[in-house]
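The values are calculated or read from the model by the stated rules, or taken from the named source; none is laboratory data. Bear in mind the structure is a predicted one, so any value in this text is a computation, not a measurement. Heads up, the Cβs are rebuilt from the backbone with ideal geometry, glycines too, and the neighbour counts pull from every protein chain shown. What goes into the accessible areas is simple: the full protein's heavy atoms, side chains included, and nothing from ligands, DNA or RNA. Shrake-Rupley method; radii C 1.70, N 1.55, O 1.52, S 1.80 Å.
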Amino acid sequence: MTTITMGKALNEALRDALRDDPRVLVYGEDVGRLGGVFRVTDGLRAEFGEERVFDTPLAESTIAAIAVGLAIKGFHPVAEMQFDAFSYPAFNQITSNLAKYHTRTQGACNMQAVIRIPYGGNIGAVEHHSESPETYYVHTAGLKVVTPSTPADAYGLLRAAIADPDPVIFLEPKARYWSRQDLDLPAPPLPLDRAQIVRPGTDGTIIAYGPTVQVALAAAEAAEAEGASLEVVDLRSLSPLDLDTLSASVRKTKRAVVVHEAPVFMGIGAEIAARLMHDLFDVLAAPVERVGSATVPYPPARVEKLFLPDADRVLEAVDRTRQY
Amino acid sequence: MVDTLGARAAHDSHPADPIAAMVNADGLLTAEAERAANISDDVLRDLYRRMAICRRLDQEGLNLQRQGELGLWGPIAGHEAAQVGAAMAMAETDWIFPYYRDFAMTICRGVDPGIAMTWFRGLTHGAWNPYEHRLGPLIISVGTQVPHAVGFAIGCKLDHEPTAVLVGFGEGSTSTGDWHEAMNFAGVFKAPVVFLCENNQWAISVPMREQVAGRVADRAAGYGFPGLRIDGSDVLTVYTVVRAAADRARHGEGPYLVEALTYRFQAHTTSDDPTRYRTDADVEPWRAKDSIARATARLRDRGAFSDDFERAVAAEAEETALAMRATLLSAATPHPGQAFDLVFANPPASLLREQAEFVAELEPGSAE
C-alpha cells in the first residue's frame, strides 16, 4: 500500500496498460520527453520507447483523427488533449467520426480509443484552461464519458476505458490531480457504467462527479454536524448514467441536489432532474435542486471561486429541498 | 520501415523527385516514362474496361435518382481516370480511404455496385466491411478522412508492414484545417500515404481559382515531401504515377501528393443546379479531354483496341448496371431497432433498455 496522487494513479494506469497490452499507444502534445504538462505520462516514453509513447504536432483535430485510423489498424490509442477547451478543435473528429465510425462500418471497426481531457477549474488558470465540456460529449451517441474523483477511481476507470472496445472520453478533474490516497496497485478495472455511493445517508442525496465530489462530501460532513444525514453519490460515468443507483438513493432520501462546475443551464443536472422527476414523481419531497456555474464564459481566476460550487452553496440547496 | 517514429527524418529538402520526371509540362506521362513503366496492353484494357463500366453505373445512378429510387447521387463523370487509375495502382494489400465521390474506387475494390449504391438509397451509413475490401467508408464530412488515412498509415509503419495508403479528396478539401494538419503529420511521421487530390475545379459552385490560392501540388513542399500535378483525365498517367508513389511509400520514403487535374462534367450532386454558376461553354473544352476517349486512343495506338472488345465491354457494362439495379432494389430496409445494435461494440445496459422500449413502441408487426 502506497500513498499516491491522482496524477500518479493515472500514470500507473497508463504504464500497466502499456505493459499488459502491446497495442496500446499513448500520444499527444508534450506527452513524450516532458511527460505531459501535468506529468501524467511521466517516464512512459523512456520505459516503452518512442514508438508507443510519442509527441505529436500541436493539432488537436488530427490528434483525435489519427486515433480513428490507428483504431482501424487495431491499435488501442490513448490520446491526450492538453486542456479542456483545447479539445474543441477536435470536436468534429470526435463527434462526426470517432463516435460514429462503429455505426458507419456496420460494427466492423471498433474504435477502441481513449481521449483523455483534463477539465474543470479551481486552479487559478488563464482563459481556456478551466472549462467543463462534459455536456458536449454526453450529448453525442457513440461515446462513453467517465470521470474519476479519487486516485483509486482514476486508476480503475482508466484501465477499464483503455480495455473497452468503444471510444471513451476520459475527463480528469485537474484540481484533483494532487489529491492523495493509499492504494494497492495494480488494482482491477472498475465498471464504466456504475455510480458509487461514497457516503450513505437518509435525509437527502447529493449527486456529484469529478471535482465536485469532494465539495459534496464536505457539505455532507457539515450537515452531519447539524444533525442531517446526507447521501453522496459519485456518478463516475456521465454517459451512460447509472439511473438505477440514483433512483434507489433518491427513493430512500426523497431529496436530490445535483452539483457540477459546468453551467446549470442544460448541464448534466438537467437530465438527472428530469429523470428523477419522471421516475420518482410520487416519491420526491421537493423539486430536484441544481448547483453549478452561471451562464457565463468561465470567469477570470481571481473571481472563479464565486462561480464554482462550494459546500455553502450545496448546503443552501439542500436546505431548499428540506424546507420545501 | 525500420526507422522509428522518434528518429523522424529531417525533411529540409528532398532529393530530385524521380516521379516528377515521369510527366511533361502538361502533366502527361512522357513516352520515355511509359516505356520504362512497361504497362501491358492487358492492364490498359482493364483500366479502360473499368472506366467504361463505372461510367455506365454512374448514368444508372442518375437514372435511379430521377426515378425516385435513390435519395441522392453524386456523379463521377470526369473522375473515372483518377479513381480507376489510382485504385488499380495500389497493391491488393494496400488500403484506400475514399471521399464521398469515390464510387469508382469502391467498385475497383470489389464492392458489389448494388450494395455500394445502398448508401445513396438511404439504407445504411456504410455499405461494406472495410477489412474485407481494405477500403474505408465513404466520408461526407469534407477532408476529415485525410487524417484517418494518415493515422492508419502511421499504424502500418508501427507494425513494420510494407503497406501504402491512398486517400482521395477534392480540391475543396484542401481548404480545411484537417487536410493541412494531416499533411503535416504525414510529413513529420514520414507516413506511407499517397494523397490524391481529384481536382475537378468545382467545389459545388465555387471555382478552383476562388478555392485554392496557388496550386494544390505545391502545398506538399511546405510539408517536406513531393507533390505533383498531373493530367487527371489520362488513366495511364494516373496509374503510373500513383503506382510509383505507392511503391515509394512502401519503401519507407514517406508521403506523396498527387494533384490529378480533371473536371466534373455533371452537377455536384443531384440536388445541385450547375446552370446557376457555369455554362455549357465552360464544360465543352474539357469534353475533348474525356478519359475514356483518351484511353481508347492510347489502346488504338498500341493496336490493342478492337470493335469486338468495345462491344464486349459495353455489354458487360449494361449487364453490370442491370445487376446493380436489381441488387439495389432488392436490398432490405434495416429494422429500426438495428440502429441501436451498431452504436457500440459493448453497449451499456441503459442503451439496450432504450432499444427495447423503442422497438416496443413501434407499430405492431413492424417489430421483429
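Quick look at the values:
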| read-out | value |
| --- | --- |
| Per-selection metrics, chain B (Cα): Rg and Dmax in Å | 21.5, 70 |
| Rg ratio (alpha-carbon, reference 2.2 N^0.38 Å) - the protein assembly as shown | 1.08 |
| Gaussian network model of chain B, springs between alpha carbon atoms under 10 Å - residue of B:L322, B:L135, B:L257 with greatest fluctuation | B:L322 |
| Accessible area in square angstrom per residue, the protein assembly as shown, 1.4 angstrom probe | 39 |
| Förster-model FRET efficiency, 22 Å R0, B:S175 and B:D273, C-beta, rounded to 0.05 | 0.45 |
| Loop GluC sites (Glu not before Pro), the range A:193-286, which have at most 14 other Cβ atoms in a 10 Å radius of their Cβ (DSSP) | A:E226 |
| Computed over the range A:2-183, Cα set: Rg, Dmax in Å | 15.0, 45 |
| Loop GluC sites (Glu not before Pro), the range B:44-132 (other Cβ atoms within 10 Å of the site Cβ: 15 or fewer; DSSP) | B:E92 |
| Loop chymotrypsin sites (Phe, Trp or Tyr not before Pro), the range A:126-229, which have at most 15 other Cβ atoms in a 10 Å radius of their Cβ (DSSP) | A:W178 |
| Separation between Cα centres of the range B:255-295 and the range A:116-150, rounded to whole Å | 46 |
| Percent breakdown of C-alpha pair distances by 5 Å bin, ordered from the shortest bin, for the range B:135-176 | 6, 22, 29, 20, 13, 8, 2 |
| Where A meets B: accessible area buried, both sides, 1.4 Å probe, Å² | 3700 |
| Other-chain or far-sequence residues with amide H under 5 Å of A:H76's (modelled H) | A:V24, A:L25 |
| Inverse mean reciprocal Cα-Cα distance (Kirkwood Rh) of the range A:167-241, Å | 13.8 |
| Per-selection metrics, chain A (Cα): Rg and Dmax in Å | 19.4, 60 |
| Cα-based helix-to-principal-axis angle, A:151-163 vs chain A, degrees rounded to 10 | 50 |
| Spatially near lysine pairs across chain A, Cα under 20 Å, sequence gap of 8 or more or different chains | 5 |
| Per-residue ³J(HN,Hα) for the range A:212-217, Karplus 6.51 cos²θ - 1.76 cosθ + 1.60, θ = phi - 60°, Hz, x for Gly and Pro | 8, 5, 5, 5, 5, 5 |
| Approximate shape of the range A:196-322 as ellipsoid semi-axes (Cα gyration tensor, √5λ), whole Å, largest first | 22, 17, 13 |
